[in-house]
Amino acid sequence: MRRRPGRRHGLSLADAAYDSIREAILRGQLKPGVPLSRRRLASELRMSVIPVTDALRRLEEDGLVESRPRAGTRVRIPSRTDVRELYELREALESQSARLFAERATSRERDEIRRLAKHVDELFARLDQESDDTVFRFTVHTTHVQFHMRIAELAASGLVRQMIDRKHVLILNWMFDVVGRRTPLPQHFHASLADALTSGDPVGADAAMREHVRYGLQEISTRIGALAASEWRERRPPQRRKRAASGTA
């Protein structure tokens, strides 16, 4: 994990810790199930345990980290139910943003989405050849999230966009994708979506986004289900030293 020396760019120590740990999870450097030691993280980030504890609490609220008594904290291993419910939520929110985009986007905005879709497809095609490059993978997924958030922005519904962002549906989907996807995306996967979005047909845009979101769900669910079978390794309580019996020779 990349180290960050305290406050930077006006961030608090807790914010800096949050950003660093979150990025390490999304980059795949901290994989699902990896235990997270507050003391070790604090040492790596060159700060005290207090901001790291706050950062882990926020990451648990985001769904990226999980904790259990006597077992500690680890990068969250989602269940199949988690995956299914997230996809259901994402489908509902993004299909609505697609419908609104088709109704409201200007000609210039439609051209922008076509360009962005083509760029995303080019990045994913390169990723198939450079799958071991974690830095590039991070760039691809960051750009992918930005593409979908831009559709939500241009749908001109602040509440829909806010819900997509606040519920972290794209970020969690990103983590599932990094962990569970092995099959390359079809050619022109995002360009085809953009064609439907820019057609001026709200019903067709809605249907295209639903199909887009559902793609690969079965593969991801199966692979993550295998991960979720792993059990927490609970910490054993420290054994007390036996006191020497008093009065013995």
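The values are calculated or read from the model by the stated rules, or taken from the named source; none is laboratory data. Computed from a predicted model, the values in this text were never measured in an experiment. A quick note on method: Cβ atoms are made from the backbone with ideal geometry, for glycine too, and the neighbour counts reach across all protein chains shown. Areas reflect the complete protein model, heavy atoms only, side chains present, ligands, DNA and RNA absent. Shrake-Rupley method; radii C 1.70, N 1.55, O 1.52, S 1.80 Å.
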| remark: Correct response: the longest run of the chain lacking exposed GluC sites (Glu not before Pro), defined by DSSP loop and at most 15 other Cβ within 10 Å, is 1-129
| Got a number for carbon plus sulfur as a percent of the chain's accessible area, 1.4 Å probe? | 48
| query | Hey, how much of the P(r) for the chain falls beyond 30 Å, as a percent of Cα pairs? | reply | 37
| Over the chain, what is the mean sequence separation of C-alpha contacts under 8 Å (at least six apart), divided by residue count, expressed as relative contact order in percent? | 25
| task | With r as the distance between the Cβ atoms of Ser67 and Ser12 and R0 = 25 Å, compute the FRET efficiency 1/(1 + (r/R0)^6) and round to 0.05. | result | 0.70
| Rounded to the nearest 20 debye, dipole of segment 4-81 from Cβ charges on Lys, Arg, Asp, Glu | 280
| field | Estimated dipole of segment 1-158 in Debye, rounded to 20 [Cβ of Lys and Arg +1, of Asp and Glu -1, Cα centre] | value | 780
| said: Starting from 0.36 nm per residue, how many nanometres of slack lie between Glu23 and Leu159 once their C-alpha separation is accounted for? | reply: 46.4 nm
| By how many nm would the segment from Ser107 to Glu88 lengthen if fully extended, with 0.36 nm per residue of separation less the alpha-carbon distance? | 3.8 nm
| What accessible area per residue, rounded to a whole number of Å², is obtained for the chain using a probe radius of 1.4 Å? | 58
| Once you put a point 7 Å from the Cα of Arg166 and another 7 Å from the Cα of Arg115, both along the Cβ direction, what distance in nm separates them? | 3.2
| task | Only Lys, Arg, Asp and Glu count, each charged at its Cβ (+1, +1, -1, -1), so figure out the dipole size of segment 107-214 about its Cα centre, rounded to 20 debye. | result | 260
| remark: Length gained, Glu60-Thr134, 0.36 nm per residue minus C-alpha separation, equals 24.3 nm
| note | Expected max-MSF residue from Gly72, Gly28, Gly225 in the GNM of the chain (alpha carbon, under 10 Å) is Gly72
